[in-house]
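Here's the structure, in C-alpha cells; my notes come after.
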Amino acid sequence: MTRRTTTTLRRLTAASAALVLTASLASCSDNPLSDQYRAGDNKGFIAADGFRVVEIPTADRSRPVTFQGVLDTGDTVTSDEYAGDVVVVNFWYAACAPCRFEAPELEAAHEAFADDDVSFLGVNIYDSAAAATAFADTYGITYPSALATVDGSVKLAFAEETPLNAVPTTIVLDRKGRVAARIIGQLSSASILKTLISETLDES
C-alpha cells in the first residue's frame, strides 16, 4: 500500500471528523498568537506560555534528515518516499493532553495543503499501533504515524535536530529534507503552521 493510498483510506474513515475540522479553518486567521507571530520578523517567536517557533534560514540548515519506520497501519516508510515534498513531522503520544488539543489544528493544516507537494507524518513515541489508530479515529487524523516503539530509529533520526523530550514538537522539512522550522509546544492555531509550510513551499 502506497503512502498516498494510506492517506486516502484515512480520509475516508475520518470523513465525519473532517467536516467538523473544516469549520475550524475559518477561525484560524483570528488567533491572536498567529497575529503576534506574523507581526515579528518570522525568524523566532517565544510566547509567554513557552510555545516556541523557530525558522532556520536556508544557509544555516543542516544536512537532510534520513529516516525509516513502521507505520500504525503496519506499512513501512522511509524518507525517500517524501522526496521533493515539504514534510511536516509531528511528535506525539496519546496520553499527551497538548497533543490532543492540537490534533484538529494539525489536521486542518494537512487538509489545507492536500493538493500541494506537502506530506504529514506523525511520530508516536510511546504507544502501540492500536492506541495510535484509536487516537487518529477519535480526533480525525487522516495522515499516518510511525511508531517509535516498533522502530526507534525514526525518533533517533531527528534527535540532533530538536529536543524530542518536549512533546508535542512539530518540524517542517524543506524539499531537500532539511529542517526549515521547529514548533515546540502545543500548536494553538493552524495558521502558524500553514504560514511556515507556505513559506517553505515558496522557496526556490
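Just so you know, all these numbers are worked out from the coordinates, no wet-lab data involved. The structure displayed is predicted, hence computed values, not measured ones. No Cβ is skipped: glycine too gets one built from the backbone with ideal geometry, and neighbour counts run over all protein chains shown.
What net charge do the residues around ALA108 carry, taking every other residue with its C-beta under 13 Å from that of ALA108, with Lys and Arg at +1 and Asp and Glu at -1?
Numbers: positive: LYS194; negative: GLU102, GLU105, GLU107, GLU111.
With Lys, Arg at +1 and Asp, Glu at -1, the neighbours total -3.
For ASP115 and GLU203 in the same chain, what is the full-extension length gain: residue separation times 0.36 nm, less their Cα-Cα distance, in nm?
Values: separation 88, 0.36 × 88 = 31.68 nm, distance 1.77 nm.
Full extension of this stretch gives 29.9 nm more.
Work from the charge dipole of region 63-188 (Cβ charges, +1 for Lys and Arg, -1 for Asp and Glu, about the Cα centre) and give the residue of ALA181, PHE101, ALA166 farthest towards its positive end.
Result: ALA166, furthest along the dipole toward the positive end.
Note the per residue figure in Å³ for the convex hull of the C-alpha positions in region 72-204.
On the way: hull volume 12.9 nm³, N = 133.
Considering the Cα atoms of region 72-204, their hull volume per residue is 97 Å³.
Of all DSSP beta bridges in region 66-178, what percent run antiparallel (nearest 5)? Intermediate values should be presented prior to the final figure.
Numbers: 9 of 19 bridges.
Among the beta bridges of region 66-178, antiparallel pairing accounts for roughly 45 percent.
Which residues' amide hydrogens lie under 5 Å from the amide hydrogen of GLY122, considering only partners 5 or more residues apart or on another chain, with H built in the peptide plane?
ASN90, SER145, ALA146
Net charge near TYR93, counting Lys/Arg +1 and Asp/Glu -1 over other residues with Cβ under 15 Å of its Cβ? Write out the running numbers ahead of the final one.
On the way: positive: ARG100, LYS155; negative: ASP72, GLU102, ASP127.
Residues near TYR93 contribute -1 overall.
Taking every DSSP beta bridge with both residues inside region 46-127, roughly what % is antiparallel (nearest 5)? Provide the component values of the computation, followed by the final result.
Numbers: 4 of 11 bridges.
Counting DSSP beta bridges with both partners in region 46-127, the antiparallel share is about 35 percent.
In whole Å, what is the distance between the alpha-carbon centres of region 65-115 and region 117-176?
5 Å
Could you go through region 62-74 in sequence order and give the Karplus-derived ³J(HN,Hα) for each residue, using 6.51 cos²θ - 1.76 cosθ + 1.60 with θ = phi - 60°, rounded to whole Hz, and x for Gly and Pro?
7, 5, x, 7, 10, 8, 9, x, 10, 7, 5, 7, x
For GLU81 and ALA166, compute 0.36 nm times the residue count separating them, minus their Cα-Cα distance, and round to one decimal in nm.
Result: 27.9 nm gained on full extension.
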